[in-house]
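Chemist: I'd like to ask you about the structure that follows.
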Amino acid sequence: MNWIRGFANMFLLLHLKNQTYRVLEPGRNSGLVSIIFSGDHLTDQQIALDFANRLQDQMSVRVYLFGFLNKKLDQKVTFSFPHISLSDMGVSPIPKSKALDLFLQRRYDYLINLDLSNHLVLHYLSNKIHARHKLAINPKLPRLYDIVLQKAIGDSDSDHVEKTLDIFKKTYG
C-alpha cells in the first residue's frame, strides 16, 4: 500500500472511529436488500453473485449488489455489477461515482457486508447506506452493524454464505 492509500485509510478510520450503528428507517418492508463486497478476486465476486441469486430465489426480495475493487481500473473494464475502485477515489479517501450515488439513494431493509477483507471504504459505505438492519461478517468495526456474524476458524466461504443466509431468513420478516 502506498503512502496515499495509507493516509486515506487513516482518514476513514478516524472518521468511523466514533460512528455507531444507527437505524435509518427505509419504510415498511420495501423488500430491498443491498450487498456490498470486495470484488478483488473472482471467487469473492462469485460468492456475492451466488448469495444474491439464492436470496432472490428463496426469499421475496430484490437484491442490489455493489462491489469495491482495491486497485486502479482502466475505464474500459466492466463488470456485471456496479462498483467503485481506487480509480474513483484518486487521492481522496471518499469514493465518488455516479453508480455509487444511485446506490446510496435507495432505502433498503437490509445491508449485508460480505467483505471478509475488511476494507475501510466498505465500512464507510455501510455507514452511509440507508438500511433498517446491517449485517457483517467479522467486521473490523462491529459497532457499525446490528447483526455481526463471527467467522469460525476453519469455516469455508460457502459455510459463511450458508450461515449468513440462515441468519437473514431468521431475521427477515
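Chemist: Between Ser87 and Asn9, what is the spin-label point distance in nm, taking each point 7 Å from the Cα along the Cα→C-beta axis?
Modeler: That separation, rounded to one decimal, is 2.3 nm.
Chemist: Out of residues 5 or more away from His83 or on other chains, whose amide H comes under 5 Å of its own, with H placed 1.01 Å from N in the peptide plane?
Modeler: Gly67
Chemist: Report the label-to-label distance for Phe79 and Gln46 in nanometres (one decimal), using points 7 Å from each Cα along the Cα→Cβ vector.
Modeler: The modelled label-to-label distance comes out at 1.6 nm.
Chemist: Consider a paramagnetic label point 7 Å from the Cα of Ser156 along Cα→Cβ; state which residues of region 31-62 have an amide N under 15 Å from it.
Modeler: 43-44, 47
Chemist: Separate question: What order, most packed first, do the peptides 110-122, 130-142, 38-50 have when packing is the mean number of other Cβ atoms within 10 Å of each residue?
Modeler: The packing order, highest mean first, is 110-122, 130-142, 38-50.
Only the coordinates and a few stated rules stand behind these numbers; no lab work does. Note that this is a predicted model, so its numbers are computed, not measured. Here Cβ is always computed from backbone atoms with ideal geometry, including for glycine, and neighbour counts include all displayed protein chains.
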